[in-house]
Amino acid sequence: MSAVWTFFTVSNEDTQIAVCNTCKAEVMRGGCRVKSFNTTNLMSHLKNRHPEVHIQCQEANVASKQPKTITPAAAVGSTIQQALDQTKTFAKDSTEAKSITNKVMEMIAIDDQPLSIVEDRDFRQLIEHIEPRYSLPSRRYFSDVSENVVRTCYNIFDLAYFTDLS
């Protein structure tokens, strides 16, 4: 958008007219339709009536067209490294992986799901969609390594279930 709009506002009564913020003069925007509106008349008004403001407007327009500064190579390198880090799979012993695995175990126990759910294609796709960096452990992992945790969750669920019934 042109910097000229810093010095003008569109008239509330007629969109074909812009009002100068400095002197409140009404200036035609050119044309009868929105597609034909332009800022030529507005710039001419500033040049003829407010030369100092016109200079400010020109400087602002030039500054807005200047190319953005190029990021130093070190910053680009760190950004690339951050992007690469976002694609690395979590280590199995990482806090993130352990947390997700615990939540999966909790869901299996509380929702009374079979351990084979971790082999279901759709479940694996869901997990991958939610967190692409997480590698879902095998069914064997959940049955062997996590048996105590799953059994504890089942016991808690059973206790809560039977308490609700009484």
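The values are calculated or read from the model by the stated rules, or taken from the named source; none is laboratory data. All values reported here derive from a predicted model rather than from experimental measurement. A quick note on method: Cβ atoms are made from the backbone with ideal geometry, for glycine too, and the neighbour counts reach across all protein chains shown. Quick note on the areas: whole protein, heavy atoms, side chains included, nothing else; ligands and nucleic acids left out. Shrake-Rupley method; radii C 1.70, N 1.55, O 1.52, S 1.80 Å.
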| request: Give me a count of the residues in segment 100-126 that are over 13 Å from Arg140 (Cα atoms) and not in a helix (DSSP H, G or I). | output: 4
| Residues (open to solvent by 40 Å² or more (accessible area, probe 1.4 Å) and under 13 Å from Val27 (Cβ atoms)) located in segment 44-62 | Ser44, Lys47, Asn48, Arg49
| note | Taking segment 26-41 and keeping residues in contact with a helix residue (DSSP H, G or I) (Cβ under 8 Å, 6 or more places away or on another chain) and in a strand (DSSP E or B) leaves Val27, Met28
| message | Which count do you get for residues in segment 75-115 that are in contact with a Lys or Arg (Cβ under 6 Å, 6 or more places away or on another chain) and exposed (fewer than 14 other Cβ atoms within 10 Å of the Cβ)? | response | 1
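For every residue, the table says whether it meets (1) on the phi < 0 side of the Ramachandran plot; (2) assigned to a helix (DSSP H, G or I).
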site: Val4; (1), (2): yes, yes
site: Glu13; (1), (2): yes, no
site: Val19; (1), (2): yes, no
site: Lys24; (1), (2): no, no
site: Met43; (1), (2): yes, yes
site: Leu46; (1), (2): yes, yes
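Residue-by-condition table, conditions (1) modelled with pLDDT under 90; (2) in contact with a Ser or Thr (Cβ under 8 Å, 6 or more places away or on another chain):
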| site | (1), (2) |
| --- | --- |
| His50 | no, yes |
| Lys68 | yes, no |
| Ala75 | yes, no |
| Val104 | no, no |
| Asp111 | yes, no |
| Glu131 | no, no |
